[in-house]
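K.L.:
Shown below is the structure under consideration.
The values are calculated or read from the model by the stated rules, or taken from the named source; none is laboratory data. These figures come from a predicted structure and were not determined experimentally. Here the Cβ positions follow ideal geometry from the backbone for every residue, glycine too, while neighbour counts run over all protein chains shown.
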Amino acid sequence: MKVEMIKAEDYFKSDNFGIWVMEEQEPRPLHTHDFDELVFVLGGTGIHYTDDDEYPLVRGDVFVLRGNQEHGFKKNDKLNLVNILYHRDYFSKIKKEFAHINGFQALFVYEPKYRFRHKFETKLHLTTEQIDEVLPLIKLFDKELTTEREGYAIAAESIFRLLILEVSRFYSQMDLVRPKELYRIATVIGYMEKNFDKRVSVPDLSNLIGMNRSAFYRSFKEITGCSPIEFLVRVRIKKAAKILSGDCKVNVTDVLAMCGFDNSSYFTKQFKSVIGITPREYLKRGR
């Protein structure tokens, strides 16, 4: 059975944004989008499902959907959804601005990526007071895109950024065990990405977030699917590939040292494992 793709051109009111308000979401079969969504559940109940799992929804739930994720809704009872729509290309441009906010990393980057491992238990859930805080922003975002007054695209972009900031802060404040666990792991991953060239050990990383070493190791592997050191190696290799593809003056020996490796054979082996070819082959193809 062919899965429907929903097109941005049918819902977007500006180059980068759209909004889809469903006061009573009807059951919807599996579908995808050519855009991403920030979803707010403002009332009712329902089931959000994928091709291999399903998750209950209640008022206050907030989550991010990437366009290529097949998903649908069923067993809805007055399910009230607001979907803030945005292009992934635009999101990629602003990602660096919010990279230092751990709640942003957890909610927008890692929760959607590792959702199949933690069964949606790390989604954001807003209190009534927090819903009251974001509702005016959602309504203003909707108004700007609907009325298309002069400068509406600029206004929509500003409101979108503020919404991202607010829900990221809310994620950082959550006290539930699973979201806090993902938040902590997001903090570690952020640290790895900033300090990929430094010597880092599992005790260093567990101490960074105040977790017992064995609990940290278990939690990290459960969320990401690999050990902390394996993840760090992948981060380093991807950084190395980026440097090799962007700087025509560097050589492989320079890059492996810049990315925290001190053994060329190990670097070559790991590079081939992650990228699929050796660093020298990669460099040769790029140039």
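K.L.:
Any idea which of (1) polar (S, T, N, Q); (2) modelled with pLDDT of 90 or more; (3) more than 25 Å from the chain's Cα centre (by Cα) is the one SER273 doesn't satisfy?
P.N.:
Of (1) polar (S, T, N, Q); (2) modelled with pLDDT of 90 or more; (3) more than 25 Å from the chain's Cα centre (by Cα), only one is false for SER273: (3).
K.L.:
If I filter the stretch 87-127 down to residues being more than 19 Å from THR50 (Cα to Cα) and polar (S, T, N, Q), which single residue comes out as modelled with the highest pLDDT?
P.N.:
Within the stretch 87-127, the match that is modelled with the highest pLDDT is THR127.
K.L.:
Is it the case that the stretch 79-88 has a residue that's assigned by TED's automatic domain parsing to the domain that holds LEU140 and touching a helix residue (DSSP H, G or I) at 6+ places or on another chain (Cβ under 6 Å)?
P.N.:
Residues of the stretch 79-88 assigned by TED's automatic domain parsing to the domain that holds LEU140: 79-88.
Then keep just the ones that are touching a helix residue (DSSP H, G or I) at 6+ places or on another chain (Cβ under 6 Å); that gives 82.
Yes, because at least one residue in the stretch 79-88 is assigned by TED's automatic domain parsing to the domain that holds LEU140 and touching a helix residue (DSSP H, G or I) at 6+ places or on another chain (Cβ under 6 Å).
K.L.:
Which residue out of LEU135, LEU145, LEU165, LEU140 is touching a Lys or Arg at 6+ places or on another chain (Cβ under 7 Å), over 30 Å from SER214 (Cα atoms) and not polar (S, T, N, Q)? Full working, then the answer.
P.N.:
On the way: LEU135 fails: touching a Lys or Arg at 6+ places or on another chain (Cβ under 7 Å); LEU165 fails: touching a Lys or Arg at 6+ places or on another chain (Cβ under 7 Å); LEU140 fails: touching a Lys or Arg at 6+ places or on another chain (Cβ under 7 Å).
That would be LEU145, the only listed residue that is touching a Lys or Arg at 6+ places or on another chain (Cβ under 7 Å), over 30 Å from SER214 (Cα atoms) and not polar (S, T, N, Q).
K.L.:
Suppose we filter the stretch 18-71 for residues that are closer than 23 Å to ALA106 by Cβ and hydrophobic (A, V, I, L, M, F, W, C); how many remain?
P.N.:
12
K.L.:
Now, a different point. How many residues are touching a helix residue (DSSP H, G or I) at 6+ places or on another chain (Cβ under 8 Å), hydrophobic (A, V, I, L, M, F, W, C) and surrounded by fewer than 18 Cβ atoms within 10 Å (Cβ to Cβ) when one looks only at the stretch 3-51?
P.N.:
Result for the stretch 3-51: 1.
K.L.:
Of the residues in the stretch 204-263, how many are surrounded by fewer than 19 Cβ atoms within 10 Å (Cβ to Cβ) and touching a residue at least 60 places away in the same chain (Cβ under 8 Å)?
P.N.:
3
K.L.:
Go through the residues of the stretch 155-173 one by one and say whether even a single one is in a helix (DSSP H, G or I), over 21 Å from GLY103 (Cβ atoms) and not charged (D, E, K, R).
P.N.:
Yes, because at least one residue in the stretch 155-173 is in a helix (DSSP H, G or I), over 21 Å from GLY103 (Cβ atoms) and not charged (D, E, K, R).
K.L.:
How about the stretch 265-275: which of its residues are under 15 Å from SER245 (Cα atoms) and either assigned to a loop (DSSP other than H, G, I, E, B) or of a type in the set (Phe, Trp, Tyr) (or both)?
P.N.:
Residue satisfying the conditions is PHE271 alone.
K.L.:
Is there a residue in the stretch 139-149 that is crowded, with 17+ Cβ neighbours inside 10 Å, modelled with pLDDT under 85, closer than 22 Å to VAL21 by Cβ and not small (Gly, Ala, Ser)? Lay out the reasoning, then the answer.
P.N.:
Step one: filter the stretch 139-149 for residues crowded, with 17+ Cβ neighbours inside 10 Å, giving 141-142, 144-145.
Next, only the ones that are modelled with pLDDT under 85 stay: none.
No: zero hits.
K.L.:
For the stretch 1-94, give me every one of the strands (runs of 3 or more DSSP E) that falls completely inside it and has 1 or more residues that are hydroxyl-bearing (Ser, Thr, Tyr) and over 23 Å from LEU162 (Cβ atoms).
P.N.:
On the way: elements: 4-6, 17-22, 28-33, 36-49, 54-58, 61-65, 71-86.
In the stretch 1-94, 28-33, 36-49, 54-58 are the strands (runs of 3 or more DSSP E) which contain 1 or more residues that are hydroxyl-bearing (Ser, Thr, Tyr) and over 23 Å from LEU162 (Cβ atoms).
K.L.:
Something else: Can you tell which of TYR183, TYR191 is at pLDDT below 95, closer than 14 Å to GLY103 by Cα, aromatic (Phe, Trp, Tyr) and touching a Ser or Thr at 6+ places or on another chain (Cβ under 7 Å)?
P.N.:
Numbers: TYR191 fails: touching a Ser or Thr at 6+ places or on another chain (Cβ under 7 Å).
Criteria check complete, one pass: TYR183.
K.L.:
Return yes or no: is ARG184 surrounded by 13 or more Cβ atoms within 10 Å (Cβ to Cβ), assigned by TED's automatic domain parsing to the domain that holds GLU129, under 23 Å from the mean Cα position of the chain (by Cα) and basic (Lys, Arg)? Working first, answer last.
P.N.:
Details: surrounded by 13 or more Cβ atoms within 10 Å (Cβ to Cβ): yes; assigned by TED's automatic domain parsing to the domain that holds GLU129: no; under 23 Å from the mean Cα position of the chain (by Cα): yes; basic (Lys, Arg): yes.
Answer is no for this residue.
K.L.:
Has the stretch 81-92 got any residue that is free of Cβ contacts under 8 Å to residues at least 40 places away in the same chain, out of contact with any Gly (no Cβ under 6 Å at 6 or more places or on another chain) and not hydroxyl-bearing (Ser, Thr, Tyr)?
P.N.:
First, the residues of the stretch 81-92 that are free of Cβ contacts under 8 Å to residues at least 40 places away in the same chain: 89, 92.
Checking which are out of contact with any Gly (no Cβ under 6 Å at 6 or more places or on another chain) leaves us with 89, 92.
This time we only want the ones that are not hydroxyl-bearing (Ser, Thr, Tyr), so: 89.
Checking the stretch 81-92: at least one residue is free of Cβ contacts under 8 Å to residues at least 40 places away in the same chain, out of contact with any Gly (no Cβ under 6 Å at 6 or more places or on another chain) and not hydroxyl-bearing (Ser, Thr, Tyr).
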